[in-house]
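The values are calculated or read from the model by the stated rules, or taken from the named source; none is laboratory data. What you see is a predicted model, and the numbers here were worked out from it, not measured in a lab. Cβ atoms come from the backbone with ideal geometry, glycine included; neighbour counts cover every protein chain shown. Accessible surface is based on the protein model in full, side chains and every heavy atom, while ligands, DNA and RNA are left aside. Shrake-Rupley method; radii C 1.70, N 1.55, O 1.52, S 1.80 Å.
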Amino acid sequence: MTSQPGTYPTFAGLLEREGVLAGTSWGLFPEPDRGTPSFITAETVLEAKNCIRTGDVVGLDYPADAFDPGMSLKRSAPRHTIYSSHPAHRDDFLDGYYLQGSSQIDGLRHRRADDIGFYDGTPDDRIREGTPDLGIQEWADRPIAGRGVLIDLDGYRTGQGSPIDHGAGEPLDLNLIKAAIEAQSVSLRQGDILMLHTGWAEWFLALATAEKQEARDHRRATGVAQSQEFIAWAWDNRLSVIAADTFAVECLPVVPGSPFIESAVNDHGMMHQQLLAKLGMPLGELWRLGPLARRLRGTGTWDAFVTIKPLNITGGTGSPANATALT
């Protein structure tokens, strides 16, 4: 199946593609290394400027060392060193800086699909240091910018009298997301940067160290429930990015009966392979969405002009998001 430039098949249409292309967006975008941020056109950027109503600017990143300890078993906080070569000089550097240790965006080489490989059929031997293929620099050279839509799942569930159970790592299904969107009277548009505010990051950071370690050791974290329906919904709404204030966007552990148990064996049935390696849809994790959510609640509007400017690292698998919202 092919599509005309600027038009794209539905997810059902993607599933009808032949062979390894089934269920993928491979070959559909004019700039394949860019992935679904290709949904953002010059026209959608110009339209997104209408989301700037107050002139307020909100940073969406936590400090680089905020999650110490965090949920990751390997990503430790960086050590910051300031040094001086003479009395009038100061310089500094970071040791042990994991680029995805705090607020970040997953690049397209972050995940390989177990069954068909890296996005757009990129050969495995091209995914190494120094090669540009699928690298994070694609979104640093031309940053992602457009309409960001915040879905306040935390506010919606609290208003319903049933706050999200972060201690249990509650799975959040597509029906909940749709209900919150309807309650906010939000309409999604092609190229939107979807931001899911759950309250998890603020909850986690308020825990005692031992409680953080317990959550990490049990691999238990709030997030989107794994389903084929969510994948189809994200594609059919032409989302450019999905970001959340959670560790992995999706819940951990995966829900029983995840449809990706067999196709994503190395990821234990997570959706990362479906979104990154098959659809080319970047994921933003651990975003600092609480301040933005509270500000938008006060205005009654739920969109903002959002920019994402990763570090310009050739071949990076991910990066601090350096995300900013203009409201």
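A few notes on this one:
- In summary, the convex hull built on the alpha carbon positions of the range 2-138 has an orientation-averaged projected area of 13.8 nm².
- Residues whose amide H comes within less than 5 Å of that of residue 103, counting only those at least five positions distant or on another chain, are 62 (H built at 1.01 Å from N in the peptide plane).
- Across the range 68-73, computed HN-Hα scalar couplings (Karplus, 6.51 cos²θ - 1.76 cosθ + 1.60, θ = phi - 60°) run 9, x, x, 7, 6, 7 Hz from first to last residue, x flagging Gly and Pro.
- Amide H to amide H distances under 5 Å link residue 221 with 252, where only residues 5 or more positions off or on other chains count and H is placed in the peptide plane.
- Taking 0.36 nm per residue of separation and subtracting the Cα-Cα distance, full extension of the segment from residue 162 to residue 81 would add 24.7 nm.
- Descending semi-axes in whole angstrom, ellipsoid equivalent of the chain, from the Cα gyration tensor: 28, 25, 22
- Derived scalar couplings between HN and Hα for the range 210-220 equal 5, 5, 4, 5, 5, 4, 5, 5, 8, 6, 10 Hz in order, rounded to whole Hz, by the Karplus curve 6.51 cos²θ - 1.76 cosθ + 1.60 (θ = phi - 60°), x for Gly and Pro.
- With DNA, RNA and ligands ignored, accessible area of residue 299 (1.4 Å probe; Å², nearest 10): 70 Å²
- Across the range 75-91, computed HN-Hα scalar couplings (Karplus, 6.51 cos²θ - 1.76 cosθ + 1.60, θ = phi - 60°) run 7, 8, 6, x, 9, 9, 10, 10, 9, 9, 8, 7, x, 9, 10, 9, 9 Hz from first to last residue, x flagging Gly and Pro.
- Surface accessible to a 1.4 Å probe, residue 43 within the full protein complex, Å²: 130 Å²
- Accessible area in square angstrom per residue, the range 144-279, 1.4 angstrom probe: 36 Å²
- Qualifying trypsin sites (Lys or Arg not before Pro) in the range 1-102, DSSP loop, other Cβ atoms within 10 Å at most 15: 53, 74, 90
- Rolling a 1.4 Å probe over the protein heavy atoms leaves residue 265 with an accessible area of roughly 90 Å².
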